[in-house]
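I have placed the structure first, in the form of structure tokens, so that the comments after it can refer back to it.
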Amino acid sequence: MNVSSLSFLRKFGRIIKPKNIKSTKSIFGTRIFHKSFSSSTQSPPPAEGFMPGVSESKFIKNTSEDAMNNRELLEFGVLDGETKKMNLFQSINDAMRIALATDETAVIFGEDVAFGGVFRCTLGLSEMFGRDRVFNTPLTEQGIVGFAIGMASMGHTAIAEIQFADYIYPAFDQIVNEAAKYRYRSGGLFNVGGLLIRAPCSAVGHGGHYHSQSPEGYFAHTPGIKVVIPRSPIQAKGLLLASIRDRNPIIFLEPKILYRAAVEYVPIGDYELPLGKAEILKSGKDVTVVGYGSQIYVLENAIKMAEKKISGLSCELIDLRTILPWDVDTVVNSVNKTGRLVIAHEAPQTSGFAAEIATTITENCFLRLESPIQRVCGWDTPFPLVFEKFYVPDAIRCFDAIMEVVEF
């Protein structure tokens, strides 16, 4: 009998010596228990989960030609350069590599980042740039962010990782009361503009209530910081480099289910994508559909279903990309055209960011609205484990919301 089996028996208050044990069946009456602790023919789900349908999305750049067909990249001179096939975590790694190479004040730290991180986003960076620039911290989120604020206040570009967005809350005071107010309370004499906090967020398929949350709404209520959420590898690299170099503290939330599910040909050069600017992924005339992060692919499928059901229906899909500050003008202009709005995100509905969007659009587009604005969000419950599929907005719920605004 191995050590782990003895530990199990000690846990139940009885120690049985190995020589008295003939088989697991003699103790438990079945070999099912033993099989559950041994290797299985079915591999466990990857830590970052799996999201079907992403690779077939029209918004994923599956060729170098598609990747280079991007007006936002024109000014950076990368359109004539090379591309490389990367998933989302690799593109994030590439962005941080460029940041470290081009900024000698840049440092990266967090729990296990020197080993590559639990999602491998920092893999190889400590070997490339040294342990004094990419290093581990103790398991203390408040300490990680407090340390990052201190480094940023002394002129460093501090890239801090919170291992899961669900565990960012112990650092809430440091972010909201210190980082966000640092420039304001000093009258502009001091700042922590070099601060960036990365955190994997959102549903993953098996994360339960401590590894699945979407906390963007909490921070969107805080003047003084920016909040960014990418949807794909090209977007992640450009938005991350822009966030690292922006002279404001930024929270960069990464939908972890896309770490391996989203794969694109990414320009290997140094480029940035604009913060505070939404992207119209699909033009339309009848319904405006707004989302961000992994929800974009759910909305894409919902739109396909709606346009198939109603001949001639045309939906406009907008990826916010930046939650704070969000691109009000792009959404307002779209709703003034379509007269209808559907918003989706994984966070709970009450006081979720969809409420802010809905209020702003009502203020600006009230006389143009043809139907009540629809929000498709997570339910107002803790994030469930076995009921995740019912909690996260799926294509059916988003489709129903589109039909609701069209048929009103």
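The values are calculated or read from the model by the stated rules, or taken from the named source; none is laboratory data. All values reported here derive from a predicted model rather than from experimental measurement. Backbone-built Cβ (ideal geometry, glycine too); neighbour counts: all protein chains shown. Heavy atoms of the whole protein, side chains included, go into the accessibility calculation; ligands, DNA and RNA do not. Shrake-Rupley method; radii C 1.70, N 1.55, O 1.52, S 1.80 Å.
For the stretch 279-407, the mean projected area of the C-alpha convex hull, equal to one quarter of the hull surface, is 7.4 nm². Annotation: peptides 208-218, 85-95, 124-134, ranked by per-residue average of other Cβ atoms within 10 Å with the highest first, follow the order 85-95, 208-218, 124-134.
When the accessible area of the chain is split by element with a 1.4 Å probe, what percent falls to carbon and sulfur? All intermediate terms of the calculation are to be shown ahead of the outcome.
Details: 10570 of 19310 Å².
Result for the chain: 55 percent of the exposed heavy-atom area is carbon or sulfur.
Under the criterion of Cα pairs below 8 Å and six or more residues apart, the relative contact order for the stretch 107-215 equals 26 percent.
Taking every DSSP bridge with both residues inside the chain, close to 25 percent are antiparallel.
Between Asp66 and Lys308, the simple spin-label model (points 7 angstrom out along Cα→Cβ) gives 1.9 nm. With the convex hull constructed from alpha-carbon coordinates only, the stretch 214-326 shows a mean projected area of 7.9 nm² over all directions.
Nearest-5 percent of antiparallel DSSP beta bridges in the stretch 54-267? Percentage antiparallel, nearest 5: 20.
For the chain, the solvent-accessible area with a 1.4 angstrom probe is 47 square angstrom per residue. Positive end of the dipole of the chain (Cβ unit charges, origin at the Cα centre): among Pro372, Pro233, Tyr259, the Cα lying farthest that way belongs to Tyr259. Of the residues Arg321, Arg97, ranked by 1.4 Å probe accessible area with the largest first, the sequence reads Arg97, Arg321. About its Cα centre, the dipole of the chain is roughly 2020 debye, where the only charges are +1 on Lys and Arg Cβ and -1 on Asp and Glu Cβ. Rolled with a 1.4 Å probe across the full set of protein chains, the surface gives Trp379 an accessible area near 130 Å². Please report the base-10 log of the normalised intensity I(q)/I(0) for the stretch 168-282, using a Debye sum with one equal scatterer per alpha carbon and no solvent, at each q in 0.11, 0.16, 0.22 (1/Å). These q points yield log10 I(q)/I(0) values of -0.40, -0.82, -1.29.
So what's the projected area for the chain, the Cα convex hull averaged over all directions, in nm²?
24.7 nm²
The local environment of Tyr271, defined by Cβ-Cβ distances under 10 Å, has a net charge of -3 under the rule Lys, Arg +1 and Asp, Glu -1. Principal axis analysis of the Cα atoms in the stretch 57-213 yields extents of 47, 42, 31 Å, listed in decreasing size. How would you classify the stretch 186-250 from its alpha-carbon gyration tensor, with a ≥ b ≥ c the square roots of the eigenvalues: rounded for a/c under 1.5, else prolate if a/b is greater than b/c, otherwise oblate? Note, shape of the stretch 186-250 comes out oblate.
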